[in-house]
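*Asks:* Let me begin by handing over the structure; questions about it come next.
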Amino acid sequence: MFKHKNSASFTLFELILSITLMGIVSGLLSSIIAINFSTMSDVSDRKKLITRGLLAINLFQREFGMLKKTDDILVAAAKQLKFTDAYGNTWDYTISGNSLNREEVGGGAGPLTLATPVLTADTEFNYFAEDNSIASSIAQIRLVKLMLVMDDANTGIPLMSIVYPENMKVYNYPLD
């Protein structure tokens, strides 16, 4: 008669099969984890880029908001805005290369890069008159719109600032 062995051990086939299945599952899990880390890194980089852009816009809004009169605007071009604030400081904002730069004229420190990288072709200053039409001369400027497009290596991240200088007491309706 045959005696039936009641053994709690695994056969070699069962052992190889379970190791193979664990290898497949761990490979799938490691690829999912790697994709998640890559996505988190991309999101973090994008947040840093947006934060740099917002800080640059905030500084611009604060300084241009201190403009006393239109005569204090020295240069108003698509890629440059130069003005003197209420405290007599002259600021020169320029868009060149792949950055938005700011320089205190006569300060001696040279230009400071506020935001980089930017899409230079899409980043610009726009100037509007009191009735929100496009200003045709510096004397008509009552509002400045800075369109800052941060370069995220995809489509770009548009950030916009619309500034009515507080000291000029101009309170228009916002642009559409």
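Each value in this text was obtained by applying a stated rule to the coordinates, not by laboratory testing. Predicted, not measured: the structure shown is a model, and the values here were computed from it. Note that we place each Cβ from the backbone using ideal geometry, even for glycine, and neighbour counts take in every protein chain shown.
*Asks:* Tally Lys and Arg at +1 and Asp and Glu at -1 over the other residues with C-beta under 15 Å from the C-beta of ALA139: what net charge comes out?
*Replies:* On the way: positive: LYS68, LYS69, ARG142; negative: ASP71, ASP72, GLU130, ASP131.
Taking every Cβ under 15 Å from that of ALA139, the sum is -1.
*Asks:* Given the options SER30, ALA153, SER133, identify the residue whose Cα lies farthest towards the positive end of the charge dipole of the chain (+1 on Cβ of Lys, Arg; -1 on Cβ of Asp, Glu).
*Replies:* Working it through, the farthest residue towards the positive pole turns out to be SER30.
*Asks:* If only Cα atoms are counted, what is the Rg of segment 12-168, and what is its Dmax, in Å?
*Replies:* 24.3, 90
*Asks:* Specify the residue with the greatest mean-square fluctuation among PHE64, PHE37, PHE128, computed from a Gaussian network of the chain linking alpha-carbon atoms under 10 Å apart.
*Replies:* Highest fluctuation among the options: PHE37.
*Asks:* Would you work out if segment 1-75 is rounded, prolate or oblate? Take a ≥ b ≥ c from the square roots of the eigenvalues of the alpha-carbon gyration tensor; rounded if a/c is under 1.5, else prolate when a/b is larger than b/c, oblate otherwise.
*Replies:* Values: a/c = 16.71, a/b = 7.94, b/c = 2.10.
Prolate is the answer for segment 1-75, as a/c is 1.5 or above and a/b outweighs b/c.
*Asks:* May I ask you to derive the FRET efficiency for ILE50 and ALA86 from their Cβ-Cβ distance with R0 = 25 Å, giving the value to the nearest 0.05? If you can, show how the numbers build up before the last one.
*Replies:* Values: r = 30 Å, r/R0 = 1.18.
Efficiency at R0 = 25 Å is approximately 0.25.
*Asks:* Please give the calculated 222 nm ellipticity per residue for the chain, where each DSSP H segment of at least 4 residues contributes -39500 (n - 2.57) and the sum is spread over every residue; nearest 500 deg cm²/dmol?
*Replies:* Numbers: 1 runs with 53 residues, N = 176.
My calculation for the chain gives -11500 deg cm²/dmol from helical runs alone.
*Asks:* Another one. Name the residue, out of ALA115, ALA153, ALA139, whose mean-square fluctuation peaks in a Gaussian network model built on the chain with Cα pairs under 10 Å.
*Replies:* Greatest mean-square fluctuation among the candidates belongs to ALA153.
*Asks:* What do you get for the angle between helix 12-64 and the principal long axis of the chain? Use alpha-carbon atoms, 0 to 90 degrees, nearest ten.
*Replies:* Its long axis makes an angle of about 10 degrees.
*Asks:* Which one of ASN101, ASN132, ASN154 has the biggest mean-square fluctuation once the chain is modelled by GNM with Cα springs under 10 Å?
*Replies:* Among ASN101, ASN132, ASN154, the largest mean-square fluctuation in the Gaussian network model of the chain belongs to ASN154.
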